1. So what does K93 come to for accessible area, using a 1.4 Å probe and Å² rounded to 10?
2. To the nearest 10 Å², what's D37's accessible area with a 1.4 Å probe?
3. Which ³J(HN,Hα) values in Hz, rounded to whole numbers, follow from the phi angles of the range 36-52 under the Karplus curve 6.51 cos²θ - 1.76 cosθ + 1.60, where θ = phi - 60° and Gly and Pro get x?
4. Within the range 31-101, what is the number of lysine pairs with alpha carbons under 18 Å apart, leaving out pairs fewer than eight places apart on the same chain?
5. Can you pull the percent of the range 29-101's accessible area that's carbon plus sulfur, 1.4 Å probe, other chains left in place?
6. Give me the one-decimal nm value for the distance between modelled label points at T39 and S60, 7 Å along each residue's Cα-to-Cβ direction.
7. For the range 75-82, in order, what is each residue's ³J(HN,Hα) by Karplus, 6.51 cos²θ - 1.76 cosθ + 1.60 with θ = phi - 60°, in whole Hz (x at glycine and Pro)?
8. Near the amide H of D74, under 5 Å away, which other amide H atoms are found, from residues 5 or more places off or on another chain, if H is placed in the peptide plane?
Amino acid sequence: MKFTTSFLLAASFIASNTINASIFTTSPYDSITWQADTTVIITWNDNGKKPSLKDMGDVSIFLMTGNTQQVIVDTIVKSVKATAGKQEYKVKKNLGPPGKF
């Protein structure tokens, strides 16, 4: 089963008590296909706007779908330092039908 991810991942970084203005997703970017049961690496960096990644502390990353209303499909990681810049994710077989996430 294939899963297509899109730039929506950038909007799925959640930082406690901050705005996620400084996270810029570098991979995946735009539209990419992930194969089920594979491990992918999500990468990001600071876009130079406040707050900085250092100031953001820990963030959560979610795989989401939807246009104007986002729905969480899976939790990629509950807590990771924003300064880490990357996170591995094992694409699950049972996320649902293929589609844009």
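The values are calculated or read from the model by the stated rules, or taken from the named source; none is laboratory data. What you see is a predicted model, and the numbers here were worked out from it, not measured in a lab. Glycine also receives a Cβ, built like all others from the backbone with ideal geometry; neighbour counts cover every protein chain displayed. The area values use the complete protein model at the heavy-atom level, side chains included, leaving out ligands, DNA and RNA. Shrake-Rupley method; radii C 1.70, N 1.55, O 1.52, S 1.80 Å.
1. Taking all protein chains as shown, K93 has close to 140 Å².
2. 70 Å²
3. Once rounded to whole Hz, the list reads 4, 6, 10, 9, 10, 10, 9, 10, 8, 8, 7, 8, x, 9, 7, x, 6.
4. Close lysine pairs under the 18 Å cut-off: 10.
5. Working: 2280 of 4620 Å².
Of all accessible area on the range 29-101, carbon and sulfur atoms account for 49 percent.
6. Those two pseudo-labels are separated by 2.4 nm.
7. Rounded to whole hertz, the list is 8, 6, 7, 7, 7, 8, 4, 4.
8. For D74, the qualifying residues are L63.
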